[in-house]
Amino acid sequence: MKQKLTKQLVDKLTCSKPAGRQFVRDTVCRGLCLEIRSTGGKTYYLSYRNSEGQQRLKKLANAEDISPAQARQLCEQARQAVVMGEQQAVETAAAITTDEFFYERYLPYAKTYKRSWDTDLSVYRTHVAPIIGSTPLAAVGYDEVAVLMTTAAPKLKHNTLYRLYVLVRYIFNCALRWEVAGVLQNPTNNYKIKQSKQHRERYLNRAETQRLMQAIQQSENTQLQYIVQMLLLTGARKREVLDARWQDIDVERRYWRIPFTKSGVERYVPLSDAVVSLLERVPRFDGCDWVFANPKTLEPFRVIFHSWDTARTRAGLRDVRIHDLRHSFASFLVNAGCSIYDVQKLLGHSTVTMTQRYSHLSQERLLNAANTAGEYVQLANSECHTSSTACAN
């Protein structure tokens, strides 16, 4: 509703309870509006659209404190301040480079919740910074994204290239969500790259597991045998095992508390008899709370790749990654007849879809299932043949 706001009109205006509140726009001053609430309160606002075209309200004063004429003066001043402020914000945003936004805003935010923030940092430094790092954030568009992706493509596998695309997209989504002035849309919107649906399937069979056990016992890293067995017996992630503390292990109640997981929430891993037996054999060091501590530093291992690579090569399993031990744990359970939902719980997945990637049924189990159908068909054929013979006689 639009009307010329006068003192008499403002005093008379009311709002019914079902409506809750309503607005009356002044026909004299552009942007001035009066909010009338069902409780009786009345407030003057400046109504305007920001640089992104979004409707905004800026409170001016309570109607009982000022006259309509004074409200018009406040409205004019506020509208000028908004215009000047937005212009200054746009100019400031134009001066903010992609590097500055990443290091000063995105990275500190990522460190508060993202365990893989150091991976983001490495990817940004290697691929993003050389292409658009010095470009004003608000000036990055489709062309800049296309150059970035085509430059990185020959150096990266498809899945790694897709993760680079996701990082760039997320950085600009953050800029939009935080309403960085000048950033009006995500420049990756029109650049499409498909995620590969092919997932690597590799898990250990019984014979391979035995060879691996023999190889890790010969390792110069005396802790490797315990770390690998813990990975195979629990399906935990490598970093979860390497960072395990004795204070989080309750043998009496038979659980291991992982306080900070990939998903950001704690989870509890049940301790099987085999795990309890393993923990009893793990060497303990005075004053050290880490379960699988490096004997030289009494701190968690940062990397174990060299000793792992030596052991897997010795076992003839050069293609097996540490993460494949998690795949193997899930496969052991499914092949033993465990429910996919039980496996999901043990792996700590939020959805069963993710679990299905890890839990591959063995070829032997699938063949036995297929043979069951064959047995039914053969039995039916046999009965039919017997019946036909009897009828002929």
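The values are calculated or read from the model by the stated rules, or taken from the named source; none is laboratory data. Computed from a predicted model, the values in this text were never measured in an experiment. Neighbour counts are summed over all protein chains in view; Cβ atoms, including those assigned to glycine, are modelled from backbone coordinates with ideal geometry.
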Hits in segment 4-50 (condition: of a type in the set (Ser, Thr, Tyr) and assigned to a loop (DSSP other than H, G, I, E, B))
Thr6, Thr14, Ser16, Thr27, Ser38, Thr39
For segment 312-338, which residues satisfy the criterion of being within 11 Å of Leu232 (Cα to Cα) and within 26 Å of the chain's Cα centre (by Cα)?
Ile322, His323, Asp324, Leu325, Arg326, His327, Ser328, Phe329, Ala330, Ser331
State yes or no: is Ser331 touching a helix residue (DSSP H, G or I) at 6+ places or on another chain (Cβ under 8 Å), among the hydroxyl-bearing types (Ser, Thr, Tyr) and either in a helix (DSSP H, G or I) or modelled with pLDDT of 90 or more (or both)?
yes
When only residues in segment 237-262 that are out of contact with any Phe, Trp or Tyr (no Cβ under 8 Å at 6 or more places or on another chain) and closer than 18 Å to His327 by Cα count, which is surrounded by the most Cβ atoms within 10 Å (Cβ to Cβ)?
Glu240
Please state which of the following conditions Glu76 fails to meet, knowing it meets all the rest: (1) over 44 Å from the mean Cα position of the chain (by Cα); (2) more than 25 Å from Gly182 (Cα to Cα).
(2)
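Please verify whether segment 323-340 includes one or more residues that are in contact with an Asp or Glu (Cβ under 6 Å, 6 or more places away or on another chain), over 17 Å from Gln229 (Cβ atoms) and not assigned by TED's automatic domain parsing to the domain that holds Trp117.
No; the residues of segment 323-340 include none that is in contact with an Asp or Glu (Cβ under 6 Å, 6 or more places away or on another chain), over 17 Å from Gln229 (Cβ atoms) and not assigned by TED's automatic domain parsing to the domain that holds Trp117.
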Is there a residue being surrounded by fewer than 17 Cβ atoms within 10 Å (Cβ to Cβ), at pLDDT below 90 and not aromatic (Phe, Trp, Tyr) anywhere in segment 139-154?
yes
What are the residue pairs meeting all of these: first residue in segment 249-260, first residue without any contact (Cβ under 8 Å) to a residue 24 or more places away in the chain and more than 14 Å from Met230 (Cα to Cα), second residue of a type outside the set (A, V, I, L, M, F, W, C) and part of a loop (DSSP other than H, G, I, E, B), Cβ atoms under 6 Å, and 6 or more apart or on different chains?
Pro259/Glu266
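Quick grid of which residues meet (1) touching a helix residue (DSSP H, G or I) at 6+ places or on another chain (Cβ under 6 Å); (2) within 29 Å of Gly316 (Cα to Cα); (3) not polar (S, T, N, Q):
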position: Met213; (1), (2), (3): no, yes, yes
position: Asn221; (1), (2), (3): yes, yes, no
position: Met230; (1), (2), (3): yes, yes, yes
position: Arg237; (1), (2), (3): no, yes, yes
position: Pro300; (1), (2), (3): yes, yes, yes
Which of the numbered conditions does Glu201 fail, given that it passes all the others? Conditions: (1) under 30 Å from Arg314 (Cα atoms); (2) free of Cβ contacts under 8 Å to residues at least 60 places away in the same chain; (3) not assigned by TED's automatic domain parsing to the domain that holds Leu333.
(2)
In segment 342-357, which residues are touching a residue at least 12 places away in the same chain (Cβ under 8 Å) and either on the phi > 0 side of the Ramachandran plot or surrounded by fewer than 17 Cβ atoms within 10 Å (Cβ to Cβ) (or both)?
Gly348, Ser350, Val352, Gln356, Arg357
Being part of a loop (DSSP other than H, G, I, E, B), in contact (Cβ under 8 Å) with a residue 12 or more places away in the chain, surrounded by 18 or more Cβ atoms within 10 Å (Cβ to Cβ) and among the β-branched types (Val, Ile, Thr) narrows it down to one of Val275, Val320, so name that one.
Val320
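Based on this model, can you work out whether Ser263 counts as under 25 Å from Phe332 (Cβ atoms), among the polar types (S, T, N, Q) and modelled with pLDDT of 85 or more?
For Ser263, the condition - under 25 Å from Phe332 (Cβ atoms), among the polar types (S, T, N, Q) and modelled with pLDDT of 85 or more - is not met.
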Out of all the residues in segment 65-80, which are surrounded by fewer than 15 Cβ atoms within 10 Å (Cβ to Cβ) and among the aliphatic types (A, V, I, L, M)?
Ala69
Can you confirm whether segment 128-149 contains a residue that is of a type in the set (Asp, Glu) and more than 30 Å from Gln54 (Cα to Cα)?
no
Among helices (runs of 4 or more DSSP H) entirely within segment 56-167, at least 2 residues that are among the charged types (D, E, K, R) occur in 68-95, 98-101, 117-123, 142-152
Sole residue being at pLDDT 75 or above and not β-branched (Val, Ile, Thr), chosen from Leu347, Leu361, Leu366:
Leu347
Here is a check on your reading of the model: is Phe285 of a type in the set (Phe, Trp, Tyr), more than 25 Å from the chain's Cα centre (by Cα) and part of a loop (DSSP other than H, G, I, E, B)?
yes
